[in-house]
Amino acid sequence: MAGTTVVLVEDHALTRAGLRTALEVAGFDVVGEASDGIAGEEMIAHLQPNVAVVDLGLPGKDGIAVTQAVKAAGLPTRIVILTMHELEDEVFAALSAGADAYCVKSSDPSFAVDAVRIAASGGAFFDPRIAHVVMRRLVGRGTAAGAPPPLTPRELDVLRLVAAGAGNTDIAEQLHLGLGTVKGHIRDILEKLAASDRTQAAVTALRRGWI
């Protein structure tokens with residue numbers, strides 16, 4: 001996406017280099033790199049990129065603390081969290097911190113590119129491996145047997161695709177709906193779930209075992 005600025009906050013130089021290459025080939029403008037959480041937070045505050053890709057296990061200040069600080073400061077930067085492991089506690093901590101997208105480092109680099117693209121456009125992206133971990137914990141706790149969702153079957157279809165990282169255009173194509181209809185469904189979903197954005201709606205539905 002031409003014109004979309006990205007900051008990389010990752011302590012492993014080879015991983016940063018790989019991410020930079022993948023993102024620049026995809027048309028993103030990588031405007032800064034940091035190798036620890038403290039420097040990364042300062043860089044994000046100074047540059048205010050469209051998206052920051054933040055490693056969870058950073059020295060100095062971890063990715064969750066960086067995300068919390070960025071969100072608390074009201075910065076417009078969207079946060080893509082990178083995780084080394086598919087650990088439930090880490091995933092839920094990232095969700096609670098307000099991250100907008102989630103990727104596992106060992107996944108194909110295309111997932112990180114998709115995460116940045118979707119986050120930059122205002123969407124939510126969940127690496128399929130992370131979504132599976134979240135669902136496994138929820139099913140294990142029996143949340144799927146709770147109260148029924150206040151959503152129609154079609155709205156649930158839309159929300160499942162949102163949680164899988166699909167943008168509005170992709171949802172429209174997969175469900176054979178008009179783009180305006182998809183936007184209307186998402187507006188209704190946010191209202192019914194009292195969610196401020198797509199990420200919060202998806203997280204609410206995942207936690208309650210609705211999708």
Of the residues in the range 171-199, those that are crowded, with 17+ Cβ neighbours inside 10 Å and within 16 Å of PHE126 (Cα to Cα) come to ILE171, ARG198, THR199
Taking interchain pairs and intrachain pairs at least six residues apart, which have beta carbon atoms under 8 angstrom, with the first residue in the range 110-122 and closer than 19 Å to GLY18 by Cα and the second modelled with pLDDT of 90 or more and in a helix (DSSP H, G or I)? SER110/ALA22; ALA112/LEU19; ALA112/ALA22; ALA112/LEU23; VAL113/ALA22; VAL113/LEU23; VAL116/LEU23
Helices (runs of 4 or more DSSP H) contained entirely in the range 102-176, each with at least 2 residues that are of a type outside the set (Phe, Trp, Tyr) and modelled with pLDDT of 80 or more: 109-120, 153-163, 168-175
Some residue of the range 58-77 being of a type in the set (A, V, I, L, M, F, W, C), crowded, with 24+ Cβ neighbours inside 10 Å, under 14 Å from GLU10 (Cβ atoms) and free of Cβ contacts under 8 Å to residues at least 40 places away in the same chain: no
So is ALA65 in contact with a helix residue (DSSP H, G or I) (Cβ under 8 Å, 6 or more places away or on another chain) and over 20 Å from GLY167 (Cβ atoms) or not? yes
Can you confirm whether LEU19 is in contact with a strand residue (DSSP E or B) (Cβ under 8 Å, 6 or more places away or on another chain), surrounded by 15 or more Cβ atoms within 10 Å (Cβ to Cβ) and assigned to a helix (DSSP H, G or I)? yes
Filter the range 79-101 down to the residues that are part of a loop (DSSP other than H, G, I, E, B) and modelled with pLDDT under 75 and list them by number. HIS85, GLU86, LEU87
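The values are calculated or read from the model by the stated rules, or taken from the named source; none is laboratory data. The model shown is predicted, which means the values in this text are computed figures rather than measured ones. Cβ atoms come from the backbone with ideal geometry, glycine included; neighbour counts cover every protein chain shown.
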